[in-house]
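Worksheet: one structure, shown below.
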Amino acid sequence: MASGNKIFLSSPHMSDEGYEMEYIKEAFDTNWVAPLGANVNEFENELTAKVGSMAAAALTTGTAAIHLALKAVGVGSGDVVFCQSLTFSATANPIIYQNAVPVFIDSNLETWNMDPLALEEAFIKYPDVKAVIVVHLYGLSADMDAIMEICNRYNVPLIEDAAESLGTYYKGQHTGTIGEYGIFSFNGNKIITTSGGGMLVSNHERQISKVRFWATQSREQARHYQHSELGFNYRMSNIVAGIGRGQLKVLEQRVAKKKYIFNYYQKELSHLEGVSFMPINDWNDPNCWLSCLTLTGAVRPLDVMLALEQENIESRPVWKPMHIQPFFSKYDYIGGKVSEQLFENGICIPSDTKMTDIDLERVCTVIKGLWKWND
Ligand SMILES: *Cc1c(COP(=O)(O)O)cnc(C)c1O
């Protein structure tokens, strides 16, 4: 039977200091709960300062940010877009919103993210490709030098899906600020959350202004409602942005705790037969959003997930690649079996920043128990 409190994979964690409430209260007291307002502008400014980009647009979701990034680089009907296969569906869905055609790209074992060799192969097959979307999964950064070199050589814009990697650096540069556009998500399970929200960042300030325009129904500056372009209702509210401003203040605290959790697991579980932790390269300073490992011995990921579930502890498989999803399987795929193997062998274990050492010990005891049993 389940014993003890539920341990989550990654759940919302508001600041102990109450920063979020201060910004929300300000919005309430002035009745400026919507639309837009000071919190939205300041959240954009504070995030750009933190990650080191020139401009940002606060939007309703990370998915909306990917959608408008595709629009900003000119992806339209029939255009080919290269997209990392090993990811959450939110990376790929906006390609379909734009009536464009995804071509999925395999990962490599060194990064778990887009394989530059597969990307190179894709460019040879589809020289007219319009954009590339790379992902920094679980807060691990992709091999950006190699990927940027290829994209620059073919003069094709790179969009970084950094939804899971706020607080992750690649060679000292914040992920999401290396390609032409980057997106962040503040969904409930992410390293910081606004309950739901997203941000598009770029050094193309004029394009970011255009994104803000598209995101407010493409309403032109006229007394009457005037529209010459298709619009979207994608802007973040002033309340949501207030939560974001508060959460941004504790990002470093959250990253430190996520790293502590990852190191704890490494210390306790590395010696188990068949266990390998997600790869952290020396050029990568990750946020360790989720602690993930692969199991290639007798104990399978499902065994671990079921044993944890019995003890009221949440875990889940590594993302199922897009090219084997029923909805996306008709699209082309370039690469080998790496993303499929990571899906088959991978597991994400609890990485909730509210966990205590006692909680961490509880998780490790359940996992280690499976190895004793198999001896
Ligand atoms: C969460 C996530 C998104 C989408 O963000 P939302 O804010 O939930 O729309 C996109 N890509 C990846 C890899 C994600 O994990």
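Observations
- The sole residue among Val134, Val156, Val103 that is β-branched (Val, Ile, Thr), within 16 Å of the ligand (Cβ to nearest atom) and in the same structural domain as Phe232 (by TED's automatic domain parsing) is Val134.
- Every test in (1) closer than 30 Å to Val101 by Cβ; (2) surrounded by fewer than 19 Cβ atoms within 10 Å (Cβ to Cβ); (3) in contact with a Leu (Cβ under 9 Å, 6 or more places away or on another chain) is passed by Gly335 save one, and that test is (2).
- Within the stretch 159-180, if we keep just the residues that are crowded, with 24+ Cβ neighbours inside 10 Å and more than 22 Å from Gln247 (Cβ to Cβ), the residue that is farthest from the ligand (Cβ to nearest atom) turns out to be Tyr170.
- Subset of the stretch 233-291 that is free of Cβ contacts under 8 Å to residues at least 60 places away in the same chain and assigned to a loop (DSSP other than H, G, I, E, B) - its residue that is nearest to Phe28 (Cα to Cα): Asp282
- Whichever residue in the stretch 39-60 is of a type in the set (A, V, I, L, M) and over 23 Å from Gly231 (Cα atoms) and, among such residues, is surrounded by the most Cβ atoms within 10 Å (Cβ to Cβ): Leu47
- Among residues of the stretch 7-54, those that are among the basic types (Lys, Arg) and either closer than 26 Å to Gly182 by Cβ or not in a helix (DSSP H, G or I) (or both), counted: 1
- Answer residue from the stretch 47-95, given it is more than 17 Å from Val134 (Cα to Cα) and among the β-branched types (Val, Ile, Thr) and is farthest from the ligand (Cβ to nearest atom) among those: Thr48
The values are calculated or read from the model by the stated rules, or taken from the named source; none is laboratory data. Remember, predicted model here, so these are calculated numbers, not experimental data. A quick note on method: Cβ atoms are made from the backbone with ideal geometry, for glycine too, and the neighbour counts reach across all protein chains shown.
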